[in-house]
Structures are given as structure tokens and as C-alpha cells.
Amino acid sequence: MPVLCSNCVDKRAVLKRPKTGHSLCKECFFWAFEEEVHQTIVAAQLFNPGEIVGIAASGGKDSTVLAHIMKLLNERYNYGLELMLLSVDEGISGYRDDSLETVKRNQQQYELPLKIVSYEELYGWTMDAIVKQVGLKNNCTFCGVFRRQALDRGAIMLKVDKICTGHNADDVAETVLMNVLRGDIARLRRCTAISTASEGEGVVPRCKPLKYAYEKEIVLYAYFKKLDYFSTECIYSPNAYRGHARTFLKDLESVRPSSIMDIMHSGENLSVREGVKMPVQGTCNRCGYISSQALCKSCVLLEGLNRGLPKLGIGKHHRLHDKILSQQPLTEKEERKLKSTDF
Ligand code: SF4
Ligand code: ZN
């Protein structure tokens with residue numbers, strides 16, 4: 001006997017929701033998923049009427065579902081938003097060039113304007129060239145730092161008021177775990193926030209409308225809606241450390257499905273003891289972007305690449321910032337230490 005949808009008790013159930021365990025038909029699942037995202041947006045007051053919102057679009061399942069659902073909810077509930085797609089081209093041949101083709105098709109399908117900013121035009125380096133210089137160990141550090149700033153720069157070119165990203169519940173739980181494992185209190189404090197205000201000049205506010213959506217349900221939604229997305233992994237492999245956190249989380253989830261939400265709630269409710277030293281935000285002396293040091297991470301990494309000293313931005317070399325800023329030569333010993341790619 002076919003199982004009936006537990007919501008409409010009319011159509012045949014096609015899936016069991018990972019989040020609630022309910023057996024639902026396609027239509028009832030779509031409705032439940034969309035309504036939950038809408039509730040998240042309303043409860044956290046993520047948007048205001050008249051705002052221009054840039055959707056960070058990579059062509060992957062999360063951002064494709066985000067673009068689809070933002071357009072749908074904006075129309076269904078009259079949010080009054082002007083939506084745009086914003087993509088970053090890291091310059092990874094065989095990966096990003098293909099996924100950007102997906103974004104271009106999404107642009108046609110959703111009829112939204114699209115802006116692509118590339119590492120090459122912003123920094124003069126593609127990820128292909130960076131990997132050639134630094135190898136495959138710390139490439140994701142370069143990529144992550146550059147992407148964050150690239151999105152802000154693209155958003156400013158588009159004059160958007162806010163960027164929304166496709167981070168889901170699994171991503172947030174994974175990040176909480178990673179920050180606990182690394183003892184990164186400053187990031188731990190920030191990473192569960194559903195929205196962040198601008199932290200300074202050149203930093204556009206961000207929000208995560210899919211924060212409470214499970215990755216498994218995003219995949220089901222994309223699959224049943226037949227959304228056009230790109231599912232290949234980056235050829236430069238995911239950041240090894242995040243990979244461990246992900247595997248650990250998946251193991252936990254298989255024995256206790258609520259682990260994802262539990263970890264996220266733990267992260268949300270942690271508080272930092274008074275007296276714990278936190279980095280003080282200032283601005284980069286070179287590019288003006290927010291930074292807790294004299295130079296922002298992006299400028300240090302770039303300086304390292306341009307000088308052929310890939311280790312400069314990896315680890316703590318703050319005392320060298322003054323030298324770099326005043327173009328003083330490094331000592332032979334410093335050069336040697338920073339030259340090796342053996343991180
Ligand atoms: Fe960039 Fe690393 Fe992600 Fe590839 S896996 S896109 S190199 S951050
Ligand atoms: Zn800078």
C-alpha cells in the first residue's frame with residue numbers, strides 16, 4: 001500500500017522529511033520548505049521593502065535554491081525587493097568556468113541581472129596561478145579571504161544594500177565545530193549570526209535566509225523542482241580542515257539527526273567571558289578594508305604572492321606589516337622562512 005502524505009492525506013508521499021520525519025507529497029514538501037524560509041526571513045527581519053539584494057550565486061545547489069526561493073517569496077509575499085545575482089570567478093579552469101555557465105542559465109531562467117567579479121581583475125591572480133605558486137595545502141585560505149572581499153567589491157559596484165548567501169544549517173554547524181576546534185573565539189561569536197550589519201566602509205551587510213534549512217532538504221528541493229545546478233566539487237579539493245568537521249558532523253547526524261540544530265543552538269548560546277581579549281577592528285592601511293591589523297589579510301596574502309613569499313599571509317607575521325608598508329627589504333632569514341611552500 002502506498003504511503004499517503006501526512007499533510008494533505010490525499011496524494012502519495014514521495015519523501016520523508018529529514019528535518020521532521022514526516023512523509024510528504026511533493027507539493028506539501030515544497031510548501032513546507034518555502035514557508036519555513038519565509039518564516040526565517042520574517043522572524044529575523046532580514047529585508048526591508050525597497051532594498052536591492054545581491055544573491056551570492058555560485059551555480060551550486062544552495063545558491064540555486066536560494067535564488068529560486070528568493071524570487072518566489074519576493075513575488076508571493078510582496079517583499080518589494082530588487083534582486084540581483086552576484087558571482088565570483090576565482091579562475092579555476094574545469095570547475096568555476098563550468099559552474100558560471102550554470103549561473104548564466106539561472107540568470108535567464110530567473111530573469112535577474114548578473115554581475116561576475118573575477119580574482120584576476122581584482123587581484124591580478126587566478127586561483128590556477130595561486131595554486132601553481134602555493135601548492136594545494138593552503139589554497140583555500142587564499143580563496144576564502146579573496147572571495148569575501150570580492151563579494152563586497154561586486155556588491156558595491158552593483159550598489160546593493162545587502163548580500164544574501166546560501167549557507168545552510170549544516171554549513172553553520174560545521175563552522176561552529178571548526179571554530180571550536182581551532183579556538184577561534186572571534187569567529188565563533190560571529191558565525192551563527194543570521195545577519196551581520198556592515199562592519200565598516202566597504203563591507204556590505206550579509207544574511208543567510210537558508211540558515212535553518214538542512215542540506216539534505218535543499219538537495220531534495222532542488223531535485224524535485226528540477227532546478228538547474230552544478231554539482232561537481234572544486235578540483236582544488238575542499239579545505240582539509242573543514243572536510244574533517246564535515247565528516248564528523250555527518251557521522252553525528254547519522255546517529256542523531258538533530259545534531260546539526262543542536263550544535264547550531266550551542267554556538268548561538270555561547271557567550272564570551274568578560275576580559276577575554278577580542279581583536280579590535282580597524283581598517284587596512286593599504287586598501288581601506290576592515291582589518292584588526294595594520295594590513296588586511298587580503299593585502300598580506302597578495303603581497304606574499306607578488307613577492308614570491310607565499311607563507312607571508314599564512315600564520316602570524318604581523319610584525320612584518322610595517323616593513324611591508326614602508327617597502328623595506330626583508331632580511332635574508334625572513335625571506336627564507338617565507339619562501340618555502342612547505343607549510
Ligand atoms: Fe576555493 Fe578551496 Fe573552495 Fe576550491 S575548495 S573554490 S580553492 S575555497
Ligand atoms: Zn587591505
Evaluated at q = 0.19, 0.22, 0.23, 0.28 Å⁻¹: base-10 log I(q)/I(0), Debye formula over Cα of the stretch 282-338 = -0.60, -0.80, -0.87, -1.26
request  = Measure nothing fancy, just the Cα-based angle from helix 139-158's long axis to the longest principal axis of the chain, in degrees from 0 to 90, nearest 10.
outcome  = 70 degrees
The stretch 186-263 pair-distance distribution - Cα-Cα, 5 Å bins, rounded % = 3, 10, 13, 20, 21, 20, 9, 3, 0
task = Please determine, in degrees from 0 to 90 and to the nearest 10, the orientation of helix 240-255 with respect to the longest principal axis defined by the Cα atoms of the chain, where the helix direction is its Cα long axis.
result = 30 degrees
note = For the chain, the longest principal axis of the Cα atoms and the Cα long axis of helix 96-110 enclose an angle in degrees, to the nearest 10, of 40 degrees
note = Residues whose modelled amide H sits under 5 Å from the amide H of VAL14, counting only those 5 or more places away in sequence or on another chain, are LEU24, CYS25, LYS26
task = Within the chain, what's the longest run with no GluC sites (Glu not before Pro) in a DSSP loop and at most 15 other beta-carbon atoms within 10 Å? Give the range, please.
result = 1-110
key: Added length on full extension, which subtracts the Cα-Cα distance from 0.36 nm per residue, THR196 to ILE235   = 11.0 nm
query = Thinking of the chain as a set of Cα atoms, what percent of all their pairs are more than 26 Å apart?
reply = 54 percent
inquiry  = Can you tell me what percent of all Cα-Cα pairs in the stretch 18-111 are more than 21 Å apart?
reply    = 42 percent
query = HN-Hα J couplings of the stretch 53-58 from phi, Karplus 6.51/-1.76/1.60, θ = phi - 60°, integer Hz, Gly and Pro as x?
reply = 10, x, 9, 5, 10, 10
request  = Work out how much length CYS8 to ARG336 would gain on full extension: take 0.36 nm times their residue separation and subtract the Cα-Cα distance, in nm to one decimal.
outcome  = 111.2 nm
message = Under the rule of at least 5 residues apart or a separate chain, name every residue whose amide H is placed under 5 Å from the amide H of LEU114.
response = LEU85
task = Enumerate the lysines that LYS339 could reach by cross-link, defined here as Cα to Cα under 19 Å, with residues fewer than 8 away along the same chain left out.
result = LYS132, LYS137, LYS297, LYS311, LYS316, LYS323
task = Can you figure out the FRET efficiency of ASP262 with GLU35, using R₀ = 25 Å and their beta-carbon distance, to the nearest 0.05?
result = 0.60
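Readers should treat all values here as calculations from the given coordinates under stated rules, not as data from a laboratory. Since the structure is predicted, the reported quantities are computational estimates derived from the model, not experimental observations. Note: ideal-geometry Cβ built from the backbone for every residue, glycine included; neighbour counts use all protein chains shown.
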